[in-house]
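Enquirer: Just dropping this structure here.
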């Protein structure tokens, strides 16, 4: 019996050594979560690939698109799964080539991992190639750089036939590189930065600083929309929100106007580091790119980094705004980030921010208010929203005990 399945190809995972199975198993878990509600019957390993089958035996291009968005997937092929019957897999090859769109040339690439099958690879080439030449007499066989390649894989008593693949996001499965706390706003940069570290296997714990109560909670809702847009990748299990507006007002009254932004960011990173320790995260992530705004000069970045001991990852550091916006379109956050919403970034902004801060002046501003008490208060005020979309996320026991009364202002989503 012939059925449609999705054959998942990976690249980096295949380069792993003795721990390769750990990466494969994590990708299996992530795919099962991404396909929940899509009728997936099974996800399992088969000879260097992952096989996704469906209850009705009919994988679709929509299923392939969902799979392609999961980090760790290099390509996904909508394949025909047949038995070892020659007529069945030759017919599947004809159908696969017919579905490949416009083409002038083709070739057959066969491979068998089941040496018990009597036909050699060259025999399969001749058999399937002959059938395709009869079915498409006006098309040419070209062994180098053909328009379409029909793949025939003989694996564990089954034959998989496909001619087209979707390119996946690549990278490594989420959950294989530990936790990071990402500073998330509703703008373009930080969602892209979050996605990029998630694509490298990190479980992301976003932390949003809201301007509430000095602004509305619109930015918080946009951040929730961003997390939902990133759901197919399975990066986020919990979003944290910190009401920061009142503390910004205190800072604006205590420090020189030109150093407000640097001071805001020092407080943000200090709170993020406290949260990282509670979460067991090993690094912080920001969406900064070098020189994009006044606060992102090398001097100012150094002045902000000084306040924390954890590594601060900046995956966009060498990107320009157009590159970031193109990536935002690819991952589905561009439209959300295009909406305007007041947040902490718009509050009490100086007319002339310092672009090359002297560290002595930064220290003097830092000591002009009780920053430790402020950081403690902000950590105590943290709210959160949980999401059931990241199999690798485990909430910290400390936060459950310390903040069990929180999240009244930010509705909990399924």
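The values are calculated or read from the model by the stated rules, or taken from the named source; none is laboratory data. All values reported here derive from a predicted model rather than from experimental measurement. Neighbour counts run over all protein chains shown; Cβ positions are idealised from the backbone, glycine included.
This table checks each residue for (1) without any contact (Cβ under 8 Å) to a residue 12 or more places away in the chain; (2) touching a strand residue (DSSP E or B) at 6+ places or on another chain (Cβ under 8 Å).
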position: 3; (1), (2): no, yes
position: 12; (1), (2): no, yes
position: 19; (1), (2): yes, no
position: 29; (1), (2): no, no
position: 35; (1), (2): no, yes
position: 42; (1), (2): yes, yes
position: 46; (1), (2): no, yes
position: 51; (1), (2): no, yes
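Enquirer: Given (1) touching a helix residue (DSSP H, G or I) at 6+ places or on another chain (Cβ under 9 Å); (2) modelled with pLDDT of 95 or more; (3) farther than 28 Å from residue 68 by Cβ; (4) surrounded by 20 or more Cβ atoms within 10 Å (Cβ to Cβ), identify the lone condition not met by residue 328.
Expert: (3)
Enquirer: Another question, then. Any idea which of (1) in contact (Cβ under 8 Å) with a residue 24 or more places away in the chain; (2) buried (at least 17 other Cβ atoms within 10 Å of the Cβ); (3) farther than 25 Å from residue 203 by Cα is the one residue 296 doesn't satisfy?
Expert: (1)
Enquirer: Mind counting the residues in region 6-23 that are surrounded by 20 or more Cβ atoms within 10 Å (Cβ to Cβ) and modelled with pLDDT of 90 or more?
Expert: Total satisfying the criteria: 5.
Enquirer: Another one. For region 58-92, how many residues are farther than 18 Å from residue 32 by Cβ and not in a helix (DSSP H, G or I)? Quick ask: steps written out before the conclusion?
Expert: Of the residues in region 58-92, the ones farther than 18 Å from residue 32 by Cβ are 58, 61, 74-75, 77-92.
Those still in the list that are not in a helix (DSSP H, G or I) too: 58, 74-75, 77-85.
Adding up the residues that qualify gives 12.
Enquirer: Moving on to the next point. Within region 367-409, can you find the residues that are outside any loop (DSSP other than H, G, I, E, B), in contact with a helix residue (DSSP H, G or I) (Cβ under 6 Å, 6 or more places away or on another chain) and modelled with pLDDT of 90 or more? Break it down stepwise before answering.
Expert: Of the residues in region 367-409, the ones outside any loop (DSSP other than H, G, I, E, B) are 371-380, 383-386, 397-402.
Subsequent filtering for residues that are in contact with a helix residue (DSSP H, G or I) (Cβ under 6 Å, 6 or more places away or on another chain) retains 374-375, 378-379, 398-399.
374, 375, 378, 379 - these are the residues of region 367-409 that are outside any loop (DSSP other than H, G, I, E, B), in contact with a helix residue (DSSP H, G or I) (Cβ under 6 Å, 6 or more places away or on another chain) and modelled with pLDDT of 90 or more.
Enquirer: Name the single residue, out of those in region 47-69 being over 17 Å from the mean Cα position of the chain (by Cα) and buried (at least 16 other Cβ atoms within 10 Å of the Cβ), that is farthest from residue 5 (Cα to Cα).
Expert: First, the residues of region 47-69 that are over 17 Å from the mean Cα position of the chain (by Cα): 47-63.
Still in the list and also buried (at least 16 other Cβ atoms within 10 Å of the Cβ): 49-54, 59, 63.
Working: 49: 12, 50: 10, 51: 7, 52: 6, 53: 5, 54: 7, 59: 5, 63: 9 Å.
So, considering only residues that are over 17 Å from the mean Cα position of the chain (by Cα) and buried (at least 16 other Cβ atoms within 10 Å of the Cβ), the one farthest from residue 5 (Cα to Cα) is 49.
Enquirer: Can residue 155 be described as buried (at least 17 other Cβ atoms within 10 Å of the Cβ), assigned by TED's automatic domain parsing to the domain that holds residue 62 and modelled with pLDDT of 95 or more?
Expert: Details: buried (at least 17 other Cβ atoms within 10 Å of the Cβ): yes; assigned by TED's automatic domain parsing to the domain that holds residue 62: yes; modelled with pLDDT of 95 or more: no.
Considered against the rule, which asks whether it is buried (at least 17 other Cβ atoms within 10 Å of the Cβ), assigned by TED's automatic domain parsing to the domain that holds residue 62 and modelled with pLDDT of 95 or more, residue 155 comes out as no.
Enquirer: Also, I was wondering about something else. Given region 248-356, what helices (runs of 4 or more DSSP H) lie entirely inside it while holding 2 or more residues that are out of contact with any strand residue (DSSP E or B) (no Cβ under 9 Å at 6 or more places or on another chain) and closer than 15 Å to residue 183 by Cβ? Give the derivation first.
Expert: On the way: elements: 260-279, 298-305, 321-331, 334-337.
Passing ranges, in order: 260-279.
Enquirer: Here's a follow-up. If I ask for residues that are buried (at least 18 other Cβ atoms within 10 Å of the Cβ) and over 23 Å from the mean Cα position of the chain (by Cα), which ones from region 216-227 would you list?
Expert: 217
Enquirer: Can you name every residue in region 171-201 that is buried (at least 21 other Cβ atoms within 10 Å of the Cβ) and out of contact with any helix residue (DSSP H, G or I) (no Cβ under 9 Å at 6 or more places or on another chain)?
Expert: 197
Enquirer: Let me ask something else. Here are some residues: 181, 128, 150. Which one is closer than 30 Å to residue 227 by Cα, at pLDDT 95 or above and in contact with a strand residue (DSSP E or B) (Cβ under 8 Å, 6 or more places away or on another chain)? Explain how you work it out, then say what you get.
Expert: On the way: 128 fails: closer than 30 Å to residue 227 by Cα; 150 fails: closer than 30 Å to residue 227 by Cα.
Of 181, 128, 150, the one residue that is closer than 30 Å to residue 227 by Cα, at pLDDT 95 or above and in contact with a strand residue (DSSP E or B) (Cβ under 8 Å, 6 or more places away or on another chain) is 181.
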